[in-house]
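This report concerns only the one structure given below.
The values are calculated or read from the model by the stated rules, or taken from the named source; none is laboratory data. Model, not experiment: these values are computed from the prediction. Cβ: placed from backbone, ideal geometry, glycine included. Neighbour counts: every protein chain shown.
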Amino acid sequence: MQMARKPRKYHTLLALIDGRWGIQFGAYERGDVMAERAAYIENGEAKAKELKVITTGDTQAEINAAVAKLNGEG
């Protein structure tokens, strides 16, 4: 019998592009995502207000559902 997998928190960097939030980067360590966010800002790829870090479970379905909700689809 297989035991249920314990859900892990997953952090995802989103960027606002053409009025919609999209996935840019993700990791289990929040610090890794925050470093990526800082790089986007430092390189002029995005302004801070155009970036968001969300925390969800680590399945793609959970991440997609959270992004859809932010985009008014959920």
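Output the residue which, of all residues in the range 56-74 that are surrounded by fewer than 13 Cβ atoms within 10 Å (Cβ to Cβ) and not acidic (D, E), is modelled with the lowest pLDDT.
G74
Of everything in the range 14-66, what is outside any strand (DSSP E or B), of a type in the set (F, W, Y) and more than 24 Å from A4 (Cβ to Cβ)? Give them in sequence order.
Y40
Being charged (D, E, K, R) and either surrounded by 12 or more Cβ atoms within 10 Å (Cβ to Cβ) or free of Cβ contacts under 8 Å to residues at least 12 places away in the same chain (or both) is the filter here; which residues of the range 1-48 pass it?
Scanning the range 1-48 gives R5, K6, D18, R20, R30, D32, E36, R37, E42, E45, K47.
Is at least one residue of the range 2-9 of a type in the set (S, T, N, Q) and not in a loop (DSSP other than H, G, I, E, B)?
For the range 2-9, residues of a type in the set (S, T, N, Q) and not in a loop (DSSP other than H, G, I, E, B): absent.
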